[in-house]
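Heads up, the thing below is written out as structure tokens.
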Amino acid sequence: MKKRVTLTFPRQVVQMPVTYRLAKDFNVAANIIRAQVAPNQVGKLVVELSGDIDQLEAALDWLGQQGIEIGLTSREITIDEESCVHCGLCTGVCPTQALTLDKHTWLLNFARSRCIVCEQCIPTCPVVAISTQF
Ligand code: SF4
Ligand code: SF4
């Protein structure tokens, strides 16, 4: 069974070798889809966990006991290219630089692989071009 989750790490456990522990203690493979983890800061990982259903549940319980917040996610950010006016407002709030303005064309560039689906960009857009999709 596979489960995609967002893990939010408090500062004190941000350096914990979580994927190693999941594999060793629970036989759960963790495929990191997106990561925003810096020393001494709150970290976020979007991971796809795969393993036996009971071990997956046990692994999620263990993560919770470590103070790691678990969110189930299958959402993706979508930018409506027809509506976007490339004002750049959304780039100012994006914590991972997934949203940037191209230095030459001044057009909005969205690097999906960097997006952690924090949704901070959504309310900044004056033309409501940003949304989440399941
Ligand atoms: S949801 Fe928006 S602000 Fe958050 S990481 Fe993705 S693009 Fe950046
Ligand atoms: S805030 Fe909206 S209109 Fe402006 S660049 Fe971002 S997506 Fe485009």
Dipole in debye (nearest 20) - the chain, about Cα centre, beta carbon charges: Lys, Arg +1; Asp, Glu -1: 400 debye
Using Cα springs under 10 Å in a Gaussian network model of the chain, which residue among ALA98, ALA29, ALA38 shows the largest mean-square fluctuation? ALA38
If you put +1 on each Lys and Arg Cβ and -1 on each Asp and Glu Cβ, how big is the dipole of the range 77-133 around its Cα centre, in Debye rounded to 20? 220 debye
Fully extended, how many nm does the chain gain between LEU72 and LEU89 (0.36 nm per residue separation, minus their Cα-Cα distance)? 3.3 nm
Local electrostatic count at THR132 - Lys and Arg +1, Asp and Glu -1, tallied over other residues with Cβ under 10 Å: -1
Add -39500 (n - 2.57) for each DSSP H run of 4 or more in the chain, then divide by its residues: what number comes out at 222 nm, to the nearest 500 deg cm²/dmol? -5000 deg cm²/dmol
Farthest towards the positive end of the dipole of the chain, among ALA58, ILE122, ALA35 and with Cβ unit charges of +1 on Lys and Arg and -1 on Asp and Glu, lies the Cα of ALA35
If we count every other residue with Cβ under 9 angstrom of LEU108's Cβ, Lys/Arg +1 and Asp/Glu -1, where does the sum land? -2
Rounded, prolate or oblate, given the Cα gyration tensor of the chain, with a/c below 1.5 counting as rounded? prolate
Considering Cα pairs under 8 angstrom that are at least six residues apart, work out the relative contact order of the chain and quote it in whole percent. 25 percent
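Each reported figure results from applying straightforward, stated rules to the coordinates on display, with no laboratory input. As the structure is a prediction and not an experimental result, all values here were calculated from the model. Methodologically, a virtual Cβ is constructed for each residue, glycine included, from the backbone with ideal geometry; neighbour enumeration extends over all protein chains shown.
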